[in-house]
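Single-structure report; data block below.
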Amino acid sequence: RDTNGNGLTDLQEVELFGRGTPVPKDIQDLDGDCLSNTDEINIHKTDPRQPDSDGDGLSDGCDEILKHRTNPAKRDTDDDGLSDGEEVQRYRTDPLKPDSDGDDLKDGDEVIKYRTDPLKPDTDDDGLRDGVEVQKHRTDPSKNDTDGDGLKDGAEVNIHRTDPLKPDSDGDGLTDGEELN
């Protein structure tokens, strides 16, 4: 039942404002986050008393729903390990895509685990995408010459067919870089 006709049931009003508290009919957006109280409760499952229900640094309605189209009840809409607020405000990544640069590493893993650029598919400019380095070759995506032999990892893999994890791939006492220069 909605006794005062403001779009909230009497039970919802008691949960929000407490028993015996008069609730004006014209309160539509209690927390000023661009979502009506009714929409927060019934549609988005957010708290009409908190402008940022999930605590990600973005307002429920003005930012999450209207601007970025993210879920205001979920800190990390795309499940990439970064909150929606971090993606939008700090890293400038897409909070709707778990891998903003398409390199096969989640944005959160790039930032937290590998310390690579989530907006650049080949952070170290060595000719190998960050995901390929990590998943296939086990090289360091933040260093362009993982084994320190003077050859970029991409050149070792794609051109010279040497091991980017061993400075002396053939074991002859000369580094791969010394042999090829």
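The values are calculated or read from the model by the stated rules, or taken from the named source; none is laboratory data. What you see is a predicted model; the values in this text were computed from it and never measured. Here the Cβ positions follow ideal geometry from the backbone for every residue, glycine too, while neighbour counts run over all protein chains shown. Just the protein is used for accessible areas: all its heavy atoms, side chains included, with ligands, DNA and RNA removed. Shrake-Rupley method; radii C 1.70, N 1.55, O 1.52, S 1.80 Å.
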Across the range 64-139, what fraction of all alpha-carbon pairs, as a whole percent, falls in each successive 5 Å bin from zero upward? 3, 18, 28, 21, 13, 9, 5, 2, 0
Please compute the modelled spin-label separation between Asp2 and Gln89, points set 7 Å along Cα→Cβ, answer in nm with one decimal. 3.3 nm
Of the residues Gln135, Leu105, Gly81, the Cα lying farthest along the dipole of the chain towards its positive end, which is defined by charges on the beta carbon of Lys, Arg, Asp and Glu, belongs to Gly81
Would you kindly state how much longer the chain becomes between Ala73 and Asp172 on full extension, computed as 0.36 nm times their sequence separation minus their alpha carbon distance, in nm to one decimal? 29.7 nm
Whole-number accessible area per residue in Å² for the chain, which is evaluated in the context of all protein chains at 1.4 Å: 54 Å²
Taking 24 Å as the cut-off for C-alpha to C-alpha distance, list the pairs among Lys143/Lys166; Lys113/Lys152; Lys113/Lys136; Lys45/Lys113; Lys67/Lys113 that go past it. Lys45/Lys113; Lys67/Lys113
Heavy-atom accessible surface of the range 75-181: percent carbon and sulfur, 1.4 Å: 47 percent
For log10 I(q)/I(0) by the Debye sum over Cα atoms at q = 0.10, 0.11, 0.20 Å⁻¹, several values are listed as [x] -0.43, -0.52, -1.45; [y] -0.47, -0.56, -1.31; [z] -0.56, -0.62, -1.13; flag the one computed from this structure. [z]
Among Gly171, Gly85, Gly61, which one moves the most in a GNM of the chain with springs linking Cα atoms closer than 10 Å? Gly171
Evaluate the charge dipole of the chain about its Cα centre and quote only its size in Debye, nearest 20, assuming +1 on the Cβ of each Lys and Arg and -1 on the Cβ of each Asp and Glu. 980 debye
